[in-house]
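*Asks:* Dumping the structure here so I can ask a few things about it.
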Amino acid sequence: YYSRLSKDNAIRIIPIEGPRGSIFDRNGVKLVSDRISFNVALVYQDLKNKEKLIRLLVNTLCIKRKDVEDAIEKAAGKPYAPVTIVDDIDRDKAFILEEESFDSRGLVVQTKSMRDYLYRSIGAHLLGYLSEISDLELERMKEYGYRAKDLIGRDGIEKYYDSYLSGVDGGIQIQVDNRGRLVRTLGLKEPVKGKDLHLTVDINLQSACDKALEDKRGAIIVMDPNTGEVLALSSSPCFDPNLFVRPGNSSERMKLVRDKRMYPLLNRAISCIYQPGSVFKIVVAMAALDTGRIGRQTRFNCPGSFTLGMGKFACWKEGGHNSQNVVDALMNSCNVFFYNTGRALGIDNIEAAAKIFGFGKITGIDLPGEAKGIVPGRFWKRSVKKERWYEGDTVNLAIGQGYILVTPIQVLEMISIVANNGLAVKPYIVKQIDASDVNPAPPHNLNFSKNAIESVRDGLYKVVNAENGTGKRARLEGAAIGGKTGTAENPGGVTHAWFCGFA
């Protein structure tokens, strides 16, 4: 019976898309969801009057005739299934075409879920975006339930948690008469919605950070150092993820992809590596105090430069800072003090300390594309540069210059260790999947000495609060703030500016 119906082309299988899970901020504010879009589809085998259909679509939708002809030709490749030929049309036009479909054989108006980023470009690098699965990806992933024209996560939360967010498609099997009208339903498989994600992020704070970076290149990350919950993660320049949801290559999308000057799709917070400059002095100070190579009262004189062999290394302040201990040197960001401290500590201890603080490896934040950076040392230079390590390399590294490269998320982890009195936490963004809590990794103690932690914290407090502190612009009435500024040379252009702090 069913075989005969099939031969008479009386059975239709209409897929019902499983909606993707929504994304909420820490306070339950919806950031990303699905909205209903209306699509024009064609069952090519039922098409009786091609010219009539072309005129109807051109006049109703105000689109080019050539585009309609190409779409119909594409639908001919799958004659028995509804093939989308025009996406996301206006609702009123969808109603017009729905009425016309009774007299236009083969024409079908379908509803489909379309991803909607409610805050547009705010938090774009954090949330990521979707785009249509490619033929190559489909070949690799079809055994996991993916189909042609499915949207998959390309970056951010959308990519990292794609398997949780993706819904499971259903479908309805119907019998139609010789005009394509429904006779009865033969079977139904209900679609299943993807899981909802609840983030650690506060959308108001995220908006403030994004606004602060407007028209600049850079990154801002805010984290609760007690738990590792990321409250905001901004990267600039930004983009609107809604541009990637529609199929095809729009001019706005291609402009984003081809921008080789600003690279708006790049997540600078986790995927870009930079020299840290003077923020790295925190690592050197902690390591030198913890190993006893210097004490809190150890002093080095800064005349404005440091001589090593035939080389001369400058301090940023012409004329120097005179006699400095570690607290003063952090407050003033004195290069000469840290040249001396770096030599006293030695490259092997600096390299080891940098790795303890998390440099040279990923933090493990739940976002794709995190870079490891580089922590240089004797073995690294011998294997990569084919040269031995020199004393000049050590003094350069002691102020965060030279071969070292770090990400902003690693610098965040470093300053959180100081804020936490030596406890390290793992940064994370998703705190709940549907009703299930995500248990963060427990803090672990790096066992720095009390003297090292207190001395560095005192220095960082003075950076912001002392009259001559290099970070005094971060001072805020009613809040105790510590931090460290950094200015790193950039062979490709202007210097990189850093500030890391805690309150």
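The values are calculated or read from the model by the stated rules, or taken from the named source; none is laboratory data. Everything numeric here is computed off the predicted structure, so don't read it as measured data. For neighbour counting, all protein chains shown are included, and Cβ atoms are generated from backbone atoms with ideal geometry for every residue, glycine included. We work out accessible area using only protein heavy atoms, side chains counted, and drop any ligands, DNA or RNA first. Shrake-Rupley method; radii C 1.70, N 1.55, O 1.52, S 1.80 Å.
*Asks:* Inside segment 78-95, can you point out the residues that are outside any helix (DSSP H, G or I) and under 38 Å from the mean Cα position of the chain (by Cα)?
*Replies:* Residues of segment 78-95 outside any helix (DSSP H, G or I): 78-90.
Across segment 78-95, the qualifying residues are Lys78, Ala81, Pro82, Val83, Thr84, Ile85, Val86, Asp87, Asp88, Ile89, Asp90.
*Asks:* Got at least one residue in segment 404-418 being part of a loop (DSSP other than H, G, I, E, B) and closer than 29 Å to Leu233 by Cα?
*Replies:* yes
*Asks:* Let me ask you something else. From the set of residues in segment 343-369 that are among the hydrophobic types (A, V, I, L, M, F, W, C) and not in a helix (DSSP H, G or I), which is nearest to Gly153 (Cα to Cα)?
*Replies:* So in segment 343-369, the residues among the hydrophobic types (A, V, I, L, M, F, W, C) come out as 344-345, 347, 350, 352-354, 356-357, 359, 362, 365, 367.
From what's left, not in a helix (DSSP H, G or I): 357, 359, 362, 365, 367.
On the way: Phe357: 31, Phe359: 28, Ile362: 21, Ile365: 17, Leu367: 12 Å.
Looking at residues that are among the hydrophobic types (A, V, I, L, M, F, W, C) and not in a helix (DSSP H, G or I), I get Leu367.
*Asks:* Can you pull out every residue in segment 247-292 that is crowded, with 20+ Cβ neighbours inside 10 Å, more than 17 Å from Val418 (Cα to Cα), in contact with a strand residue (DSSP E or B) (Cβ under 7 Å, 6 or more places away or on another chain) and not hydroxyl-bearing (Ser, Thr, Tyr)?
*Replies:* Asn267, Arg268, Ala269, Gln275, Gly277
*Asks:* While we're looking at this one, here's another question. Report, by residue number, each residue of segment 138-152 that is closer than 13 Å to Gly18 by Cβ, charged (D, E, K, R) and open to solvent by 50 Å² or more (accessible area, probe 1.4 Å). Let's see the steps before the verdict.
*Replies:* Filtering segment 138-152 down to residues closer than 13 Å to Gly18 by Cβ leaves 145-147, 150-151.
Applying the additional criterion that residues be charged (D, E, K, R) yields 147, 150.
Across segment 138-152, the qualifying residue is only Arg147.
*Asks:* For segment 379-433, give me each residue that is of a type in the set (Val, Ile, Thr), open to solvent by less than 20 Å² (accessible area, probe 1.4 Å) and farther than 30 Å from Met223 by Cβ. Reasoning before the result, please.
*Replies:* Quick first cut of segment 379-433, residues of a type in the set (Val, Ile, Thr) only: 384, 394-395, 399, 404, 406-407, 409, 411, 415, 417-418, 425, 429-430, 433.
Now narrow it down to the ones that are open to solvent by less than 20 Å² (accessible area, probe 1.4 Å): 394-395, 399, 404, 406-407, 409, 411, 415, 417-418, 425, 429-430.
Correct list: Thr394, Val395.
*Asks:* Being touching a residue at least 12 places away in the same chain (Cβ under 8 Å), in contact with a Gly (Cβ under 8 Å, 6 or more places away or on another chain), part of a loop (DSSP other than H, G, I, E, B) and aliphatic (A, V, I, L, M) narrows it down to one of Ile294, Ile270, so name that one. Even if it seems obvious, please write down each step before you answer.
*Replies:* Details: Ile294 fails: in contact with a Gly (Cβ under 8 Å, 6 or more places away or on another chain).
Answer to the check: Ile270.
*Asks:* Among the residues of segment 304-348, what is the count of those that are in contact (Cβ under 8 Å) with a residue 60 or more places away in the chain and either more than 22 Å from Gly292 (Cβ to Cβ) or more than 38 Å from the chain's Cα centre (by Cα) (or both)? If you could, list the steps in order and put the result at the bottom.
*Replies:* Start the filter on segment 304-348 by keeping residues that are in contact (Cβ under 8 Å) with a residue 60 or more places away in the chain, which leaves 306, 308-309, 311, 313, 316, 326-333, 335, 338-339, 345.
Filter again for either more than 22 Å from Gly292 (Cβ to Cβ) or more than 38 Å from the chain's Cα centre (by Cα) (or both), leaving 306, 308-309, 311, 313, 316, 331-333, 335.
Residues meeting the conditions: 10.
*Asks:* Which one of these is in contact with a His (Cβ under 7 Å, 6 or more places away or on another chain) and surrounded by 18 or more Cβ atoms within 10 Å (Cβ to Cβ): Ser235, Ser166?
*Replies:* Ser235
*Asks:* Could I ask something else about it? Return the residues of segment 51-71 that are within 20 Å of Glu99 (Cβ to Cβ) and part of a helix (DSSP H, G or I); say none if nothing qualifies.
*Replies:* Hits for segment 51-71 are Glu51, Lys52, Leu53, Ile54, Arg55, Leu56, Leu57, Val58, Asn59, Thr60, Leu61, Val68.
To keep it simple, each residue is scored yes or no on (1) touching a Ser or Thr at 6+ places or on another chain (Cβ under 9 Å); (2) outside any helix (DSSP H, G or I); (3) closer than 21 Å to Leu256 by Cα; (4) not hydroxyl-bearing (Ser, Thr, Tyr).
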| residue | (1), (2), (3), (4) |
| --- | --- |
| Val201 | no, yes, no, yes |
| Gln206 | yes, no, no, yes |
| Asp210 | yes, no, yes, yes |
| Asp215 | yes, yes, yes, yes |
| Ala219 | yes, yes, yes, yes |
| Thr227 | yes, yes, no, no |
| Ala232 | yes, yes, no, yes |
| Ser235 | yes, yes, yes, no |
| Cys238 | yes, yes, yes, yes |
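*Asks:* What pairs come out if I take residues in segment 103-126 that are free of Cβ contacts under 8 Å to residues at least 60 places away in the same chain and pair them with residues that are open to solvent by less than 50 Å² (accessible area, probe 1.4 Å) whose C-beta lies under 9 Å away, six or more apart or interchain?
*Replies:* Ser104/Leu47; Ser104/Leu53; Ser104/Leu56; Ser104/Leu97
*Asks:* Kindly provide the set of residues from segment 342-372 that are within 21 Å of Ala419 (Cβ to Cβ) and touching a strand residue (DSSP E or B) at 6+ places or on another chain (Cβ under 6 Å), ordered by number.
*Replies:* Within segment 342-372, just Phe359 meets the criteria.
*Asks:* Working carefully through the options Lys211, Lys193, Lys216, find the one that is at negative phi, at pLDDT 95 or above and of a type in the set (Lys, Arg).
*Replies:* Lys211
*Asks:* Using beta carbons and a limit of 9 Å, which pairs, at least six apart or on different chains, have the first residue in segment 73-85 and open to solvent by 60 Å² or more (accessible area, probe 1.4 Å) and the second one in a loop (DSSP other than H, G, I, E, B) and modelled with pLDDT under 75?
*Replies:* Tyr80/Asn9
*Asks:* In this structure, does Asn396 turn out to be within 17 Å of Ser278 (Cα to Cα), of a type outside the set (A, V, I, L, M, F, W, C) and either assigned to a strand (DSSP E or B) or more than 29 Å from the chain's Cα centre (by Cα) (or both)?
*Replies:* yes
*Asks:* Test of understanding: among Asn226, Asn242, Asn204, which residue is of a type in the set (S, T, N, Q), modelled with pLDDT under 95 and open to solvent by 80 Å² or more (accessible area, probe 1.4 Å)?
*Replies:* Asn226
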